[in-house]
Structure formats: C-alpha cells, structure tokens
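Shown next, in structure tokens, is the structure this report addresses.
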Amino acid sequence: MILIDGKRISQEIKEELKGAVLQRKAEGRKIPHLAAVLVGNDGASMTYVSNKVKACEEIGFESTLIRYDDSVPEEILLAKVQALNEDRSIDGFIVQLPLPKHIDELKITQAIDPLKDVDGFHPRNLGNMVVNLPGFLPATPAGVLELIQRMDIATEGKNCVIIGRSNIVGMPLSIMLGRNTKPGNCTVTLAHSKTENLAEVCRNADILIAAIGQPGFVTQDMVKEGAVVIDVGTTRVEDPSRMKGWRLAGDVAFDEVSKKASMLSPVPGGVGPMTIASLMLNTLKAMDLKGK
Ligand code: GUN
C-alpha cells in the first residue's frame, strides 16, 4: 500500500508558491493578500483558520484575520463582506463555515464577489466549474484533484464512488471528476445517506472517496482489492491520551482498509493540508484573474 502523503505534497506546492511570491517581488508586482472571516469560537474552525493564516506567513502572502462574536447580526457580516469586496488591497477572502444558525450561509456566500471568492463557494464559480469556464474551484475538492494528479493516479474510464454530497466537497468533486478533463473522465457515483446497498456500490469503486464526517465509516468490506481510497473526513474525537484531549479521525478505518487499498490517504496528513495549499493557489490565481 502506498501512502498518499498530502503533507509532503502540500509542502511542495507551498515551495512553488514561495518562488512565485519572490518572482512577483522581483518584478515589483503586488503580493497576494488573503483575508479570513471567523465567527465564534468553534475549536475546529479556529484551528483551520489559524492554519490558513500560518500558511500565508510561510509562503510570504499578506493575510488579515477578522473575528466576530457568535452573536454577530447577519447585517454586520454582510456589510463586512461588502467592505472586503470593495477593498482593493484584498485579493481574495473566505468566510469560514459553519456559521451560527441565525446567519444564512447561502446569503453570505452569494454576497462575496465571485472574483474574490477563493473558496469557490459562490454559485457563479460553481456554475463556471460545471461548464469548464475559468473561475475558482472549491479548495478541498481541488486539493483532492491535485493529490490525484501529483500521485499519477489514473482516472480516465475508472469507477469513482464518492460518499457524501455536501456543497463544499462531495457535490463539486463529483462534477470535477466526471468532466472531460485530466484528471477527470471518471464514471462517478455520488452516494449519500439514502443510497441502497452502499457497501456493494463502494466495492465497485476503483477510486473511493469518503467525505461524510463519520469516523471509521469505511470498513474493509466496502473496498475492492487494489482500490485507491481518499479520506476527506476530519472529525475531532475525544482522546484522553493526547495533551489537547482530542485527535483528528478520518472517515476510513485506516488499519483494516490499508490491507486492501493500493493507495490510501491518512488523516491527519492527507487531504487536510491540501485544502490549505489549494486555497493558497486560488489566492494567487485571484490576482491573475484580475490581471494584477
Ligand atoms: N469549513 C470546512 N471547510 C471549509 C472550507 O474549505 N472553507 C470554508 N470557508 N469553510 C470551511
């Protein structure tokens, strides 16, 4: 079994991006500037956002973190999105999800200028993705594609089963892998909570992608011998043996599935770091899309 080492591959991408920053500096051009909006104190969201800010620092991008209390009214957040849309110093920004229940996530997502939507969540960018027009691809699915490409995993004509149809992972990934692109040209099955005979459906997969957020959900009886298995799950589970009291768990029962899969991505160190690398790639692209 070959480990799909997202940590190493994301580091390669960050090194490439450092080079791009140095080149821009040498040419006297603007350095990419990413802003992140974080609402509330959810531990996982705080970690994700701080990792995004750290990645900017490592690469040499500028970054701005904007924080609000859980109780922030929707109008205030919408006004901030508008201000960031108009701020010429900011090239791209994200609003970390999930948002508190009283805020309509889709309303916020749709308020973001599609040309600054480096998360690729705006319907315009999702639509562009469907018809292969230039735009931003959502960071986690783009990270999965980057892993597939850099690990030289064949996709053309392969059966790909994705478990989970979320707007930010499963749904866009199903489109990206089914398109007539490279990587792409898979025969995609998008499985979800209503899928019948899920284990049987999964056993048909040459490439199995788990994105449901249920630790250890994918067991070895769901995996074809020699399949490529990509684990997008990142759930915090209690672990008293760790200093922080928790650890990250993937959707795949790693020990048993590793006996059957030809390639497998671990959690942590698989897709997670690739999401951040893709966000950084999108931030650089934001400047190119605007011709800065
Ligand atoms: N929450 C979980 N994943 C993501 C992501 O990629 N972007 C944002 N903004 N929120 C998330």
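Before moving on, here are some points about what is shown:
- Spread over its residues, the convex hull of the C-alpha atoms of the stretch 3-156 is 137 Å³ per residue.
- Area of Ser193 that stays accessible when all protein chains are in place (1.4 Å probe, Å², to 10): 100 Å²
- Look at the alpha carbon pairs under 8 Å that are at least 6 residues apart: their mean separation over the length of the stretch 24-151 gives a relative contact order of 22 percent.
- Local net charge near Asn41, Cβ-Cβ under 11 Å (Lys/Arg +1, Asp/Glu -1): -2
- Paramagnetic label zone (point 7 Å from Cα along Cα-to-C-beta, Ser166; backbone N under 11 Å) in the stretch 209-228: 211-214
- Among Pro268, Pro123, Pro138, the largest mean-square fluctuation in a Gaussian network model of the chain (Cα springs under 10 Å) belongs to Pro123.
- Partnerless Cys - the chain, beta-carbon criterion under 4.7 Å: Cys56, Cys202
- Accessible area of the chain belonging to carbon and sulfur atoms, whole % at 1.4 Å probe: 52 percent
- For the pair Thr187 and Glu256, a Förster radius of 35 Å applied to the C-beta separation gives a FRET efficiency near 0.85, rounded to the nearest 0.05.
- Residue ranking by accessible heavy-atom surface, 1.4 Å probe, largest first, among Asp251, Asp87, Asp152 comes out as Asp152, Asp87, Asp251.
- Across the protein chains, with a 1.4 Å probe defining accessible surface, the residues Ile76, Ile163 rank Ile76, Ile163 from largest area downward.
- Taking the DSSP beta bridges with both ends in the chain, the antiparallel portion is around 10 percent.
- Probe 1.4 Å - accessible area at Tyr68, Å² to nearest ten: 50 Å²
- When you restrict to C-alpha pairs under 8 Å that are six or more residues apart and normalise by the size of the stretch 161-270, the relative contact order lands at 23 percent.
- Extension reserve of the Gln110-Val130 stretch, reckoned as 0.36 nm per residue once the Cα distance is removed: 5.5 nm
- Contact order, relative form, for the chain: 21 percent (alpha carbon pairs under 8 Å, 6 or more residues apart, mean separation divided by residue count).
- Residues Asn85 and Glu58, FRET efficiency given R0 of 22 Å [Cβ-Cβ distance, rounded to 0.05]: 0.25
- Links that overshoot a 21 Å alpha carbon limit, given the list Lys194/Lys259; Lys14/Lys285; Lys52/Lys116; Lys30/Lys116; Lys30/Lys290; Lys14/Lys54: Lys194/Lys259
- When nucleic acids and ligands are ignored and a 1.4 Å probe is applied, Lys285 ends up with an accessible area of around 70 Å².
- Anisotropy class of the stretch 77-189 from Cα gyration tensor, a/c 1.5 cut: prolate
- Residue-normalised accessible area of the chain, expressed per residue, 1.4 Å probe, Å²: 47 Å²
- Label zone at His102 (point 7 Å along Cα-to-Cβ), backbone N below 19 Å, the stretch 55-91: 67-81
The values are calculated or read from the model by the stated rules, or taken from the named source; none is laboratory data. It should be emphasised that the depicted structure is a prediction, and the values quoted were computed from it without experimental measurement. Counting neighbours? That spans all protein chains shown, and the Cβs are built from the backbone with ideal geometry, glycine included. Heads up: the accessible areas ignore ligands, DNA and RNA and are worked out on the full protein's heavy atoms, side chains in. Shrake-Rupley method; radii C 1.70, N 1.55, O 1.52, S 1.80 Å.
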